[in-house]
Amino acid sequence: MSVENIRKLSGTKREWVVLLGRSWIYLFLLGEIIIFSFLGTGFFSAKNFQNIMVNSMTIMLLAAGQTFVIITGGIDLSVGFVMGFASVVSAKMMVSFYALGFPPGLAILSGVLITMLIGFLPGLLNGFLVTKMKVPPFIATFGMYGIAYGFSEIISYNVPITNLPPGVGDFGNGYLLYYLPGKFLTWFRQPAGLARAEIRELVSIVPNIFIISLLIILVFWFILNRTQFGQHTFAIGGNIDAARRSGINVDRHLMKVYVISSFFASLGGIMYVLRFVNGRADAGSVRMLDSVVAVVIGGASLYGGTGGMIGTLIGTFIIGVLETGMVNLGIPTFNKYIYVGVILILAVLIDQFFPELIRKGE
Amino acid sequence: MNDKHMPVLEVKDIVKRFGGLVAVNKVSMKVFPGEVVGLLGDNGAGKSTLIKVVSGVYHQDEGQVFFNGDEVKINNPMDAIRLGIETIYQDLALAENLNVYSNIFLGREKLKKALGLIEVLDHDYMHRESKKVLDQLGIEIPSLKNKIKMLSGGQRQSVAISRSIYWNAKLLIMDEPTAALGVAEQRKVLDLVRTLSSHGVGIIIISHQLYDVFQVSHRLVILRRGEKVGELIVKETNPDEVVSLIVGAELVQNSGR
């Protein structure tokens, strides 16, 4: 249906089409959940939904940074391997600090903090290339994709880094609340000395890494939507010359945006280590595509100027639900990419057919 | 500062060369507060080059620029804007994905403290102030929350102009302000030019549409091949005279036979 046809529709009908065009991602997500709930076994359960949250976290982190980059009209192809790089670096640090005699907790914390600092580097370099050297974002970050991957393989000698200090997985696989009906409720820690039957009955509520990721994403939602930084991000994507002419320091701003993206990617790598208790160069290799798809499904245009955190979040869940649902049904996950590809193209098509109607006003 | 006898802008003997080509050759002109000056000339006559010197895009090889009587060095567009020299381009000025008031405040957003800590955008203030300046200039736009991409060409131009006025522009340079506009819109833009002039803003208009220039300008400066070949008071001249200056008198006489 073309825009002309939609214009010809009468009042209410037209409103429906517009509503559909604007909110199709919510309906799509809902549809996915309904379909998998009927077909799968135990899909529609609190436990499984928590599972989806945890599994979607990586995409969500990468996509959060990617949202900023894409709104400015750029793209960050390096996020997947920057994530791998961060996972390798943080795992290596934890192992080394522990070997030096640090207590496990301190070794882990040092690894995490230092990696967060190192995590700025790829973004700084991407930003430098894009702003000062005028390298197109696609090329600059594609180069970084290779560089980050190569360094991670060198650091890890081409094998996953294992033998991490004890307790690495506690946080990453932990939950905010543990609840045994009628007996107790504890924060963060599983109570000690539980019987087998009790462990089976134990209800774990809200994964830790979901909370952390959600908090960070909330902060960046706020930055994007309420602050001057967010406004300038949109302005640069809308008209970079206008942004420059109105006195915005565009180069510095873009630099920050690429740093945000690589910060999120590094965080994804650290979360990976905390969850899977190893560090590997290809930890996030397939996640770069997912992150771009999530942002585009969420309503961002690759030409820049549009997009948002809520949309990205929904886009992330669309992929996350799909992944978990296919595992639930026993379908090999590589099939996912067919659907992810189809959804991406669908998102762009809807964007092209409805642009004026969807983007009316605010 | 708004002394009627002191030009808001004066350029003296400006020369700009590109390699061997002399694009502007010893051109001088003045613009007084509230005066509309039409800058005319054929393609390649040097109009754009002269304007770009004033707006900081190019730097002159020789000559001086005075703003409100003081000699100024304009090294980049930001210098010009800070002085109060605004150039309105057709497409360059606005972010289409942002709404009207966000564009008026672009780069100079009004912030307020949320929860006493974090600086957030003060949408209400920006909306209110933008409404004020639009009303003051008699510009009608249905909603200031509309994104620029939903506005017509004339409305966009009005927004760009309001922005410069809000930020205290003393001199507006309008490059082909009526090109690519419908007839009704053209008239609105020309009305706006008159309003601005009555507010004491100096204006330079570059246009190929002689009719428009004659309607709003007080004085005309005509360039040909980088040199100033005429300066006329609009009331004392007519389009024929102007055209003959633009293309060179001989040519007109030849083609007349």
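The values are calculated or read from the model by the stated rules, or taken from the named source; none is laboratory data. Since the structure is predicted, the reported quantities are computational estimates derived from the model, not experimental observations. Cβ sites come from the backbone with ideal geometry, for glycine too, and all protein chains shown count toward neighbours.
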### Message
Taking the condition of being over 21 Å from residue A:307 (Cβ atoms), in a loop (DSSP other than H, G, I, E, B) and modelled with pLDDT of 90 or more, how many residues in the stretch B:109-133 meet it?
### Response
2
### Neighbours by Cβ (under 6 Å, 6+ apart or cross-chain): first from the stretch A:81-106, under 22 Å from residue A:63 (Cβ atoms); second of a type outside the set (A, V, I, L, M, F, W, C) and outside any helix (DSSP H, G or I)
A:83/A:284; A:84/A:282; A:84/A:284; A:86/A:119; A:87/A:279; A:88/A:279
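Could you list all residues from the stretch B:75-106 that are of a type in the set (A, V, I, L, M, F, W, C), surrounded by 16 or more Cβ atoms within 10 Å (Cβ to Cβ), under 16 Å from the mean Cα position of the chain (by Cα) and in a loop (DSSP other than H, G, I, E, B)? Explain how you work it out, then say what you get.
Keep residues of the stretch B:75-106 that are of a type in the set (A, V, I, L, M, F, W, C), which gives B:78, B:80-81, B:83, B:85, B:88, B:92-95, B:98, B:100, B:104-106.
Add one more test, that the residue is surrounded by 16 or more Cβ atoms within 10 Å (Cβ to Cβ), and what stays is B:80-81, B:83, B:85, B:88, B:93-95, B:98, B:100, B:104-106.
Narrowing further to those that are under 16 Å from the mean Cα position of the chain (by Cα): B:80-81, B:83, B:85, B:88, B:93-94.
Hits for the stretch B:75-106 are B:93, B:94.
Restricting the search to the stretch B:77-103, which residues are more than 23 Å from residue B:32 (Cα to Cα) and within 10 Å of chain A (Cβ to nearest Cβ)? It would help to see each step written out before you state the result.
Within the stretch B:77-103, the first condition is being more than 23 Å from residue B:32 (Cα to Cα), and the residues that meet it are B:90-103.
Once the filter is applied, which keeps residues that are more than 23 Å from residue B:32 (Cα to Cα) and within 10 Å of chain A (Cβ to nearest Cβ), the stretch B:77-103 yields B:91, B:92, B:93, B:94, B:95, B:96, B:97, B:98, B:99, B:102, B:103.
If the requirement is being surrounded by fewer than 21 Cβ atoms within 10 Å (Cβ to Cβ) and modelled with pLDDT of 85 or more, which of these qualifies: A:350, A:358, A:310?
Working: A:350 fails: modelled with pLDDT of 85 or more; A:358 fails: modelled with pLDDT of 85 or more.
The match here is A:310.
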### Task
Scan the stretch A:230-246 and give yes if some residue there is at pLDDT 95 or above and β-branched (Val, Ile, Thr), otherwise no.
yes
### Task
Kindly provide the set of residues from the stretch B:108-153 that are within 8 Å of chain A (Cβ to nearest Cβ) and within 13 Å of residue B:166 (Cα to Cα), ordered by number.
B:108, B:109
### Task
Of the numbered conditions (1) in a helix (DSSP H, G or I); (2) under 17 Å from the mean Cα position of the chain (by Cα); (3) over 21 Å from residue A:37 (Cα atoms), residue A:346 fails exactly one; give the number of that condition.
(2)
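This table checks each residue for (1) buried (at least 21 other Cβ atoms within 10 Å of the Cβ); (2) assigned to a helix (DSSP H, G or I); (3) in contact with a strand residue (DSSP E or B) (Cβ under 6 Å, 6 or more places away or on another chain).
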site	(1), (2), (3)
A:61	yes, yes, no
A:69	yes, yes, no
A:73	no, no, no
A:77	yes, no, no
A:84	yes, yes, no
A:93	yes, yes, no
A:101	no, no, no
A:108	yes, yes, no
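Quick one: which residue in B:163, B:194 is under 15 Å from the mean Cα position of the chain (by Cα) and within 14 Å of chain A (Cβ to nearest Cβ)?
Values: B:194 fails: within 14 Å of chain A (Cβ to nearest Cβ).
Residue meeting the stated conditions: B:163.
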### Query
Got a sec? Which of A:273, A:277, A:250 is aliphatic (A, V, I, L, M) and within 14 Å of another protein chain (Cβ to nearest Cβ)?
A:250
